Amino acid sequence: MKRGVEYVFLLLVILIILSIPGLSFEGLITPDPAPQVYKPFTPPNPTQWKLPTNYPQIISSNPFMATAMSAFVLPEFIPLIPPALVNPKLVLDKSKLTYDQLMYGDNYNKVEDKSKLNQNTRDKVLAKKTGQLVTTVLRKGTKGKLTEYGFRFDEFEQINIGNIRFSNGTNFEILDNIITIDYAEEIIINNIDLIKKAQMFMLQLNEFDVSKSELVSINCFPFGGNIDIPNVENTNFKVGNVVEIKPGHAVNYSIKDCSSNNVSFSGDENSKLSIDKNSELTTYYLEKGSLTYLSETISTNSSAYVSIDPNLGFVCMTLGIGTGFTDNYFNYSVVEPMDGTNYSLCLRKEKEQDFEYLKEDSCIHCGLIDFLSNQNILKGRIILKRLVNDYWLNVFDSIMAKIEFTGLTFIDEVKVDEINGSMNVIAQTTNFYLLKENKTSSYLNELARLLDKKLDSIIKYYKVVPYNSTIEITDNVMNIDDVIFVYPKNSIPLEVFLHG
């Protein structure tokens, strides 16, 4: 009974305390925390994406899942994803990725199959990277990436960059304006220059390297036609008004030039051939190599120029030190020796050709072979050779002289004169003797090396202008001014002075 009264009393006390105004137990009792409930990520309702204004709120409310949300974005809303939050690997339609999205960070490289990108957008990215106009057509599954100074693809159907088109190839890369490929079915430069089946190819602006190509074809604008070079290997090309060809090893190229001349170029890693494709007559500049057209060849240890007429062959040339010109039809050769200087030589083969300037006194190291009049002239330092019994004879070896002669295969008459008061020349007049001329003396020298090869006289009539002396040669018998007669069988001293 007593305990029941106590409980009633305690209850009344509590009720009285709770009824006091302003009194609270908040903060005095701390309840146990409720357990955290983690809900799985639920993608936004697609209907929400129909209101673009909702998009920022959706992203901001789920920042930790922003990139994952790319996989649930409807294609038409992919362009709305901020570049910093889009995940190119996960978007449903990679063709919807924008230029800004692809240019952000490494986003472009995250797309494995570059053919899935929108072509115009992809090309805009590549153009931005290279600073040049780029268009691409890629095969399905093409891999590629942006690099620090360019881009690359493991394969391609077509790539146009600047004025160059590459078709059906593998491993294309442009790095700081240097383009390399492993293979291309076809390369076209300036819409006109063609390279077929190129292997291990490198190009820089108007310069390119070809490791192997079935055909290199370069247009001859504005005259038309092409320079065609088949079966090219390990060769560098520079293309402009002048086409420069520099092989990396020993080569023998057959070249069809702008005038449809078929020439042969032989050289090695020290050689270079330049073709002026805009001149009316195709002009070649040659360094350390040889060039052949029909029966005519020019070979040099230094440099040489030659112009070629498709109907006539070699026309004019400049022979550098150590350069020789040979005509294997008429069996003669003109050689600029190693101790000489650049020599100008022209070949007159038709009436309209006029090379009178070569005969002027001001032109010292100049020569003209005239096939129409047979009146030839050689001035300055030069050697004229003739093939006799399989041996190349030095018919004239001029240190400094003016040599006029009639005929070439058979020389009827020779006239030797001074140049600027100087004359120094050696002439092979017969099968047995040399004539040596200088300003102070003229003498015969015995030549024994051809004694076993019977040959008619090389020169029939020989005149030395300063001495006003003449030599007539018949059957190797020399008649000197009708005073001295020299017979091949006679025993004569090594030197017989005729004058001085």
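Taken together, the values in this text are just the output of simple stated rules run on the coordinates, not laboratory data. As the structure is a prediction and not an experimental result, all values here were calculated from the model. Here the Cβ positions follow ideal geometry from the backbone for every residue, glycine too, while neighbour counts run over all protein chains shown.
So here's what we get for this one:
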read-out	value
Partners for residue 460 among aspartates and glutamates (Cα-Cα distance below 13 Å; same-chain residues under 8 apart left out)	412, 413, 472, 475
Chymotrypsin sites (Phe, Trp or Tyr not before Pro) within segment 297-391: DSSP coil, no more than 16 neighbouring Cβ in 10 Å	329, 330, 371
Relative contact order (%) - criterion: Cα under 8 Å, at least six apart; region: segment 378-433	33 percent
Neighbour-count ranking [beta-carbon atoms within 10 angstrom, fewest first] of 460, 379, 197	197, 460, 379
Segment 377-413-segment 163-200 distance, computed between alpha-carbon centres (Å)	51 Å
Those lysines that a straight Cα-Cα span of less than 20 Å connects to residue 246, excepting residues fewer than 8 apart in one chain	196, 197, 212, 238, 256, 272, 277, 288
Relative contact order %, segment 294-500, counting alpha carbon pairs below 8 Å whose residues are six or more apart	12 percent
Charge-dipole axis of segment 294-500 as Lys and Arg at +1 and Asp and Glu at -1 on Cβ define it, positive-most pick from 425, 414, 393	393
Set of aspartates and glutamates with alpha-carbon distance to residue 129 below 17 Å, sequence-local pairs under 8 removed	100, 106, 148, 173, 176
Cα gyration tensor, segment 81-158 - rounded (a/c under 1.5), prolate or oblate	oblate
Whether segment 294-500 is rounded, prolate or oblate, judged on the alpha carbon gyration tensor where a/c under 1.5 counts as rounded	prolate
